[in-house]
Amino acid sequence: MRRWLLGCLLTILCGVELGAQQPNGPLGSMNLNSVDGPPFPILQTIGRGTSVDFRIGGLPSARFVTFGSSSLSGVTFPFQGQFVDLNLAGLFTVLNGFETPGLLTDNTGGFSASFPVGQTVALNSTSAYQSAVENPAAAGGLSFTAAVRVTIVPGLVTQNLAMGDDTTSAFSLVPFGLTFPFYSQTYTTLHVCSNGFVNFGPVGDTNYNPTPADFLTGAPRVAGFWSGLNPGIGGTISVQIDQSLQVPTIDIRYQDVAEFGVGSTHTFTIRLNAAPIGDIQIINSPQNGPSLFTATVVGIGPGGGLGNQPQKNLSQLPLSPVFGMANENFYELYTLPSGTNPGNVFDLTATTLNFLAVGPGFPGASYIGN
C-alpha cells in the first residue's frame, strides 16, 4: 500500500494544474488546533514551545497516511478528482496507518493526538502537511484532506535549571532576541540564584543570609524571596519566556523550593517584562509563608551603594503607591516568626507587588511601587 500510494503521488507530477486546492471533506479531513478552513490550503501560525492538537476525520476504523514537506507547492497536482498541495520535493511520512497496526480512526471516525513543538525550532520556519484517509468509495480508495502550512512564531519556552544549595545559573536572553532594562542599565543575562533572587552584572551571587547592607551595596537585584533556600532538597526553579504576548515576559519560577534544613517550602515568581517596558512583578502563592530558617529580603534595588533609602512597608504599596526617585530602591527585611523578639514577620502571602519602570535602561530611571 505504501509503495502504491507513493507511486500515485509521483505520477501526478505530469498533471499540473494552477489555482485549485483540496478542501477538507466529511470523509477526509485534517485540522490542527481545531482550525479546518476554509479557505484552503489552511495557513496557521504555531508558537514555539507550545503543542499542536492534531485531528483526522473520516470513516470509522479507517487507516490514514499523513505526509509532510517543507512547504506548499506553488501549483497543485490533480489526482483522480482530488488535489495534492504539498511540495513533493523532500516529501516525508509523518504517520502511516498502513504500516503501523492500530493507527486508525475510532468508531466515530476520528483520530486525535497532541504533538509538542520544540523550544528550539527556528522562528519563521515553515512546514506543510496533508493526509490521505482510507475510503473504499473514493477514487483510488483514499480521500485527501486539505493541506496545512505551519509557520513557527514566538511562543512559550520553559527551561528548568539544575540547581542545588547556594548555586547560581546564568540565563542568556540573547537566543530569544530579548533584553531587560533595570534602573540605568540594560542586560542580556540573568543570574538566577537558588536562594530566591535574580541579580544582574558580570557574576552571580549566592548569599543565603541577607542583610539590608547586602541588598544596598551588592549587585543590582530583584529579590523575590531572598532567604536560605535549597532546591537540592526539594522543589524546582525554572525560567519561562512567553513571546506570544505583546510585551514578552520572563518568569523566574520557584516551585515548592525547600528551606535549608527545615521542612517548609516556598512558591513564588519573579516576572520581568522585557525591553522596552521593564516592569517587574513579584508574585507570591497563597502557600508562600515566612522563612523558618533565616531572615528574608524582598524587593528591587540598583545595588552598588546607590539609592540608600530606608526599607519600606511593601505590603502597603498597593494601598499607597510610592513614586520613587532615580535609583530609589524598594525593599523590606523580614525576620523569623519565632523567638523572644520576632520583629517584622513576612506578610506578603498571596500578594503581587508591582514595580512600574519609568525610563528603564537610561540614567535617571525610577520605579513606581504599588
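Read the figures in this text as sums done on the coordinates, not as results from a lab. Keep in mind the model is a prediction, meaning the values are calculated, not measured. Here the Cβ positions follow ideal geometry from the backbone for every residue, glycine too, while neighbour counts run over all protein chains shown.
Evaluate Rg over Rh across the stretch 242-334, taking Cα atoms for both radii and Kirkwood's formula for Rh.
My calculation puts Rg/Rh at 0.99.
What angle do you read, to the nearest 10 degrees and between 0 and 90, between the alpha-carbon axis of helix 2-11 and the longest principal axis of the chain?
80
Give a residue-ordered list of calculated ³J(HN,Hα) values for the stretch 87-95 (Karplus: 6.51 cos²θ - 1.76 cosθ + 1.60, θ = phi - 60°; whole Hz; x for Gly, Pro).
6, 6, 6, x, 4, 9, 9, 9, 10
At a Förster radius of 35 Å, what calculated FRET efficiency corresponds to the Cβ-Cβ distance of Asp53 and Val262, to the nearest 0.05?
Once the sixth-power term is evaluated, E becomes 0.25.
As a footprinting exposure proxy, order Phe115, Phe225, Phe40, Phe67 by other Cβ within 10 Å, with the fewest listed first.
Placing the least packed residue first, the sequence is Phe115, Phe40, Phe67, Phe225.
Starting from the amide H of Asn344, placed 1.01 Å from N in the peptide plane, find each other amide H under 5 Å away whose residue is 5 or more places distant or on another chain.
Here Thr335 satisfy the definition.
Output ³J(HN,Hα) for the stretch 52-57: one whole-Hz value per residue in order, computed from phi by the Karplus curve 6.51 cos²θ - 1.76 cosθ + 1.60 with θ = phi - 60°, and x for Gly and Pro.
With coefficients 6.51, -1.76 and 1.60, one gets 10, 8, 10, 9, 10, x Hz.
First select every other residue whose beta carbon is under 13 angstrom from the beta carbon of Thr158; then total the charges, Lys and Arg +1, Asp and Glu -1.
Overall, the nearby charge balance is 0.
Using θ = phi - 60° and the Karplus curve 6.51 cos²θ - 1.76 cosθ + 1.60, what whole-Hz ³J(HN,Hα) does each residue of the stretch 139-149 get, with Gly and Pro shown as x?
4, x, x, 9, 10, 7, 8, 5, 8, 10, 9
How much net charge surrounds Tyr208 when only the other residues with a Cβ under 15 Å from the Cβ of Tyr208 are counted, with Lys and Arg +1 and Asp and Glu -1?
Result for the local shell: -4.
Can you list the residues, at least 5 places off or on another chain, whose amide H is less than 5 Å from the amide H of Thr294, using H built in the peptide plane?
Answer set, sorted by chain and number: Gly228.
With 10 angstrom as the radius, rank Met163, Met30 by how many other C-beta atoms surround their C-beta, starting from the fewest.
Met163, Met30
Please list, ordered by chain and number, the residues whose modelled amide H lies under 5 Å from the amide H of Tyr187; skip anything fewer than 5 residues away on the same chain.
Distant-sequence amide H within range of Tyr187: Phe180, Phe182.
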